[in-house]
Amino acid sequence: MRLLCQDNAHILEFEAPVLAARPGAVLLAQSPVFPGGGGQLQDRAILAWTGGEAAVTSVCIDERGLWHEFDSADFVAGTVRIAVDPEFRRLMCELHTLAHVANSIVFRAFGGALLTGAQLSADGTFRVDFDLPQADNDSLRELDGPINDVIRQDLPVGAFLMPWDEAAASPGLFRSKTVSPPRGEDGLVRIVEIAGLDRQGCGGTHLASTGQARPVKILKVDNKGRHNRRIKVGFAG
């Protein structure tokens, strides 16, 4: 299903009727919460109802909507209000945008190297893993230069939908070595574009432009097996 945060990332508070409930969980047709996935952490959020509130602990998608589990055993009915933590959302948007920038630079500089893993962290760092058996680790440690150059260029970041089959047949739109972005029920897939730099399938949240991100530095480069290179990135200041 299409997530509210994908099309309306500015909506951080939302009221919705409860479609179904069990102790400690409610089903909603829509929600502003990003449920986690693709290396991006779930949004931090508070769910409030008449007589109480609790932190959202997990969000699971089913055919009817999104189940929100929360830190309480209450049985909730009626209308609920969800408020997403804006600072944590912004951090995830920033790290995810920077991960796309790093991915695009490695893809171009190292002959279309594919992603083998990625993880954004709450401590303000992220890691990206690539299939790079012949790469010189010293050259990977210098990637902060071109990443910071893209930040200075302040390139617009946007998203659009295209047929999944068309995207799968287009070199470079699906970057993972092992998984592909899910095909929507409408046969479409979401493509995130950094103007003039990169396009790739992605369901996460991002900044509106690269210039909104802080400068970075390469914290560490590790060999993870014969083929895998792991690059850990954090903020420079």
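Every number here is computed from the coordinates shown, using simple stated rules; none is lab data. All of these numbers come straight from a predicted model, not from anything done at the bench. A quick note on method: Cβ atoms are made from the backbone with ideal geometry, for glycine too, and the neighbour counts reach across all protein chains shown.
Taken about its Cα centre, the chain carries a charge dipole of about 680 debye when Lys and Arg each add +1 at the Cβ and Asp and Glu each add -1 at the Cβ. The local environment of V157, defined by Cβ-Cβ distances under 14 Å, has a net charge of -1 under the rule Lys, Arg +1 and Asp, Glu -1.
Remark: the K177-E63 segment gains 38.2 nm on full extension, using 0.36 nm per residue and subtracting the alpha carbon distance. Over the chain, DSSP H runs of length four or greater, each weighted -39,500 (n - 2.57), average out per residue to a 222 nm ellipticity of -6000 deg cm²/dmol. In units of the rule-of-thumb radius 2.2 N^0.38 Å, the stretch 41-177 shows an alpha carbon radius of gyration of 1.37. Taken over the stretch 4-84, the alpha-carbon convex hull comes to 82 cubic angstrom per residue. Between the amide H of D74 and those of G24, distances stay under 5 Å, these residues lying 5 or more places away or on another chain, with hydrogens modeled in the peptide plane. Among I231, I46, I191, I61, sorting on how many other beta-carbon atoms sit within 10 Å of each Cβ, with the fewest leading, yields I61, I46, I191, I231. Based on the reciprocal of the average 1/r between different C-alpha atoms, the Kirkwood radius for the chain equals 18.9 Å. Summary of the geometry: the stretch 1-21 and the stretch 192-219, compared by the centres of their Cα atoms, lie 23 Å apart.
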